[in-house]
Structures are given as C-alpha cells and as structure tokens.
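Bear in mind these aren't lab numbers, they're just calculated from the coordinates by the rules spelled out. Every value quoted in this text rests on a predicted model; they were computed, and no experiment measured them. A quick note on method: Cβ atoms are made from the backbone with ideal geometry, for glycine too, and the neighbour counts reach across all protein chains shown.
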Amino acid sequence: MKLVSLMCLLGLLLFGCASSPADTNRHSGEVSETRDEHSYANINEIRTEHLHLDLEIDFDEKRVSGVARHQMSKSDADTAVFDVKGLQIDKITIGKSNEKETDFVIGEADEILGSPLFVKITPGTEFINIYYQTTKETEAIDWLPAELTASKIHPYMYTQGQAILTRSWIPIQDTPMNRITYSADVKVPSDLLAIMSANNPKEKSSTGEYHFEMKQRIPAYLIAIAVGDIVYNSLGDNCGVYSEPAYADDCAFEFTDMPKMIEAAENLYGEYRWEQFDIVILPYSFPFGGMENPRLTFANPTLIAGDQSLVTVIAHELAHSWSGNLVTNSTWDDFWLNEGFTVYFENRIMEELYGKETADILAVIERQELDTALEEMENDGHSEDTHLKLHLHDRSPDDGMTDIAYNKGAYFLRTLEHVAGREKFDTFLRNYFDSHAFETISTEEFVNYLDSELLEPNSIDFNVEEWIYQPGLPNNCVNITSSRLNRMIKMAEDVNNGKDIFMGSDGDLKRSDFITQEWQAFIRGLSTDISIETMIKIDEKLHFSDQANRQLKVEWYQLAVRVGNKSVRPEMKEHLVLVGRRWYIERIYQALKDSDDPDDLVWAKQVYDEAKNNYHFVSKSTIEEILYN
Ligand SMILES: [Zn+2]
C-alpha cells in the first residue's frame, strides 16, 4: 500500500492540507494540549461522530469489503483525514441519499502508522462514504481455517483493534482521543454467527445477515467483530458466554462467578454502564488472555483451566468497563491510565469475591513481575520505559504494553490508597469515573484532577511527579506480603537445598492443595541449579507440564529450558503450536533464545515455523522480534 510521495505532495497541493501524525489533535472547544503521535486524523478540524459499516465477510477470499459511512461533525474544513493501513480504497463519496464521488489521496505509508487518507470535502460536508476492502496486509484480522478451531468443521475470524490495528480493517480516525457511536450491517455465511462489541444476537439468523448498534461513544480501538460457529450461554440477567459449541459446558462452569463479579464491581465504583457484559471464548490463536471490547470481552480458551483458577482475567476485563472503556487514555503514551487502574480495580473485585488473602497473593505476584521488568529495562539501558508516562514517538504503541503500565500503575494507586485511606480513595475513584464518563483523559489532566480532588483537600503530600515521570519504583511503594506465598517460597528453597518434599509431613503433597498463584510462586522460587531428575520427579507428582492449567505450564517450561530438562519438549511443543496467546508463548521463546545451549534456539525456530500459522499478527511480530533479532 505504498503510494509514492509525489502523490502525497499532489494531494497536499490539491487540498491544501498538511496533516501529520503530530497534528494538534483535540476536540474542538477543549483546552487539552494533548497530541496523538499515532494518528494522522485531523480531528481538531473535523471528526467522525457516528460510523455505520455495511460489510460482507468473505471466508474464501479472506476479505472484508463494503462501505464505512462516516457521519462527521459540522466543520469548515476542506479535507478530512483518516488513518488506513493495508486497505484497498475503491472509491469515496460524500452525501447521504445523493452520493457524489470525491477525490482522495493516500499518503506515503509509514511502517508503524500506515498512511493518512486525505479526502476532499466541501465545507459543511456531513457524510463521507469510504468504499473499501481489506487485503493480505490487514493486520487486525485473524482468519482461521477450520483445522484451527475446536470444531474443525467451520472457519473462524476475529479482529483485534488495540492499539492501532483498527485502521487495517476499517478506514477510520484511529485515535483514542475521538469517541464515536457505531452501527453495522454485516453479511456472513449463513451457517455462522457474527457478534460485535455492540448489542448482539443470541442465535444464528437464517440469512447470515446481522445488524448491530453501539449507542455509547467508544474509541476506534474498541470496535471488534468475531464470526464463527458460535453459541450463547446465559449466566445471569445481563451476562453470558459465547463460544464454539465444544466449549459451551466448560465455559458455563468456569465463569459461574460472573454475575457476582459485576455486582462487586458496581458496589465499588458505580453503575455498570454498558447494559450487557458477555464474553466470547475465541480460538487459541487469540493473542491475549482477554480484550475488553465493550459489551463483549474477547477471551482466550486458556482461561478454561477447569478449576476457575484463572478468572482474574475476567475480573480484569470487567474492570475495563470503567477504566479504559468509560474513561479512556488520550494517547498510547498514557496507556497506564487504562491498565494501571484496571489491575488495581481487578484486585479489588478479587478481594470482594475471594478475600484479602487471595487478592494479596495476586498483588505479590504482580510485584515480582514488576521487579523483573524494571531490572530488565534498566539492564537494557531503557530506564525511560519505566516511566508511567511514556514517549513513544516513532515507536509502536505495543512497546508500551509492558508490566510498567499494568503493575507499576497498580502499585502507584495502591500506594495512594495506603496514604489516603481506603474510604477517601474509593470516593475519589468513584467520582473520577463519574466525572470523566465517556471521555478521554491524559496523564497531565489526571494529575491535575488528583491534586484538586484528593491530595490538596486532604493535605496529602505525595511524590506524584516521581511516580509518573521518573524511572524505577519510588521508595514509598506499599509493600504487600503473603504468608501463604512465603510458605511456597520456603518449600522451593527446601527443594533447592536437596530436600525431598514428598517425604515426611508433606508426603501427600498434591496439586489441589494450593491455588495456581501459589504454585506459580513455588516454581519461580526453584533454582535453575536443581537437577533434571528433581524436575522430573516433581512433575510426576504435581503434573505441571501436562495438566490443563497453562499458566503453570508456562512457568514450568521456562524453568525446564533453564535447567536443561529436554524431557518436556513434546508437551512444550504441543503448547507452543496450539496456543497463540502472546504472554503464554513469548516467555518460553525468550528462555529458549537466552539458553546457553545453541540447540534450544534451533529447536525454537523449528517449532515457530510449525506454529506461526496459528498466531495472530500481534504474537507473530513479538516472537519474530525475539527469535530473529
Ligand atoms: Zn487490560
């Protein structure tokens, strides 16, 4: 999709427009100085208010085609600029009932951002209709052949928009600074169900035609669709699970607590504002544990552990209904406002449902991950990436999706809670969500709000500047401990010191004695100096390498690589070929890459070649970065 810069120049001459990624994007009338480095859209001049999609999904050609009908704000602008990447634009018209073709130019393509799409309009133009189709370069869509689904009968497709992939399946002003409503008419093969981040059908239509409405204003990255052999299971008045038929019963058991989670969240921080909270369990290739698409969280089947032990992800995605979806980061440099708040909120939901001890265990594990990330970034000479507020100019927003945004962000809020007291902090957070509902917010705007609503009125002196704009973890970071985890770390030390933990008083030690996160702490506490025989013996008793819980498999396989235990390779390969969830594979590939044994990297590349067709673009990019750079 490269068009020569001559065309771009021509466009600029024709339309007199000079939009650039660093344009002063802001809502008209707002005083924000925030700029979105990751969008070309000129939303300060003209912006989409409502988008209607008329689309056909063609599985044979692996193509989405149709029209994106943008209803624009009233404006004097003579050019509207959209973001596009890997799209074929067939024609563009303006007008509603009486459409007239208009000129457009696609600017030079940037590897990360894609291209600006300049559309010539007349002042007062309200409707811009972009006729387009996706191409093989489209990064948002995962097209799965039937073999890669649970049924192995029907193909499947889904999209992932965050951070800036929506522009690769819809021509759109792809910045979180603009919120829009949308509707869609979608045609799919009649034996498949289509669902979106909108109001959804509960069963298949006989024609394969579906209509969707999202009446609350959302940023572009939250527009999403999934199409496949999908059934619905209600779990309560306003929640349920979509999945392939094969997973339906397992899902109903695994996610039983969803109604309780919604109730707990509402009790904490106010009304759930999206009416329905459903999740869809996608095929294993989905690159994340969950993605908080409003009304319809997208989730990976790895959440189905069989013992409800991985439902923290559901609490996390539910929390996003407030932090992220209701109040949205202005730019990807402010990503911690989405994720730090969500990890904090998720933990509070877990505390309500399962008690403080469980919540503390989760927080301690997060702290371990944060400390590791901080150390790695410092060692790599990237201490600027440990700031909460990032500067991702010329970089992919994905570079900011690290433990810093999530876990340093959450520890910042936990420390604030500790200093201010829970009651005052909860009132502050509830008001924050209410007063910024359906808005975007920058870090600077948040800092002002924090000062005026929590710190100044309560005369609290807090090192906000250090937390947000400086590297590392400030000394006043609240310290959370867990005696249950300490016990597991002690047990790991016993193993490291050569003790047989299956003898004596612990002789009947079983997997079911402890929760996933306790075992996680145990495995992380094991030394890479333990013998291969010790690993094999532990595995025979506790089955880390071969049971359904993939969170523990991931820990176990990393340790196996570091210890040099190749006996787990068959199970490890099965995992890497089946699962495309980035977090569940990147650490294993990284361990193989870092190994002293050169054979490990050779093996990793062989496995990757076999597995990559089952990975979404997001995971592929990360793994190729690890293996080939
Ligand atoms: Zn999240």
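Structure above, values below:
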| quantity | calculated |
| --- | --- |
| Dimensionless Rg over Rh [region 526-628; C-alpha; Kirkwood] | 0.95 |
| Förster radius 41 Å - calculated FRET efficiency between D500 and N431, Cβ distance, rounded to 0.05 | 0.15 |
| Fully extended contour minus Cα-Cα distance, from E453 to D60, at 0.36 nm per residue | 135.9 nm |
| Volume per residue that the Cα convex hull of region 324-469 spans, once the total is divided by residue count, Å³ | 110 |
| Chain lengthening between H418 and K215 when straightened (0.36 nm per residue, less Cα-Cα) | 69.3 nm |
| Length-normalised contact order for the chain - Cα pairs under 8 Å, 6+ apart - percent | 10 |
| Distance from region 542-574 to region 289-330 (C-alpha centre basis), Å | 26 |
| With Cα atoms, 0 to 90° folded angle of helix 516-525 axis to the chain main axis | 70 |
| Eligible lysines near K120 by straight Cα distance, threshold 24 Å, same-chain separation 8 or greater | K2, K74, K85, K91, K96, K100 |
| Square roots of five times the Cα gyration tensor eigenvalues for the chain, Å | 41, 29, 24 |
| Kirkwood Rh in Å, taken over region 403-449 so that all alpha-carbon pairs contribute | 11.7 |
| Diffusion coefficient, µm² s⁻¹, Stokes-Einstein with Kirkwood Rh over alpha-carbon pairs of region 89-197 at 4 °C and 1.567 mPa s | 79 |
| Stokes-Einstein D in µm²/s, Kirkwood radius over Cα pairs - region 418-530 at 25 °C with 0.890 mPa s viscosity | 134 |
| Computed lengthening from E624 to K152, 0.36 nm per intervening residue step minus Cα-Cα distance | 167.2 nm |
| Highest to lowest packing among 562-575, 335-348, 371-384, 397-410, scored as the average C-beta count within 10 Å | 335-348, 397-410, 562-575, 371-384 |
| Degrees, to the nearest 10: 422-435 long Cα axis against longest axis of the chain | 20 |
| Relative intensity, log₁₀ I(q)/I(0), of region 383-478 from a Debye sum that treats every alpha carbon as a point, q = 0.11, 0.16, 0.19 Å⁻¹ | -0.34, -0.72, -1.00 |
| Cross-link reach list, lysines versus K605, counting only Cα pairs under 26 Å and skipping chain neighbours closer than eight places | K136, K553, K566, K573, K593, K620 |
| Protection proxy ranking of 426-434, 611-619, 245-253 - average other beta-carbon atoms within 10 Å, highest first | 611-619, 426-434, 245-253 |
| Using alpha-carbon coordinates, inclination of helix 483-496 to the longest axis of the chain, degrees | 60 |
| Rg/Rh (Cα only; Kirkwood hydrodynamic radius) as it applies to region 5-229 | 0.98 |
| Overall dimensions of region 51-124 by Cα: Rg and Dmax, Å | 13.6, 43 |
| Percentage relative contact order, region 458-593, counting C-alpha pairs under 8 Å, at least six apart | 19 |
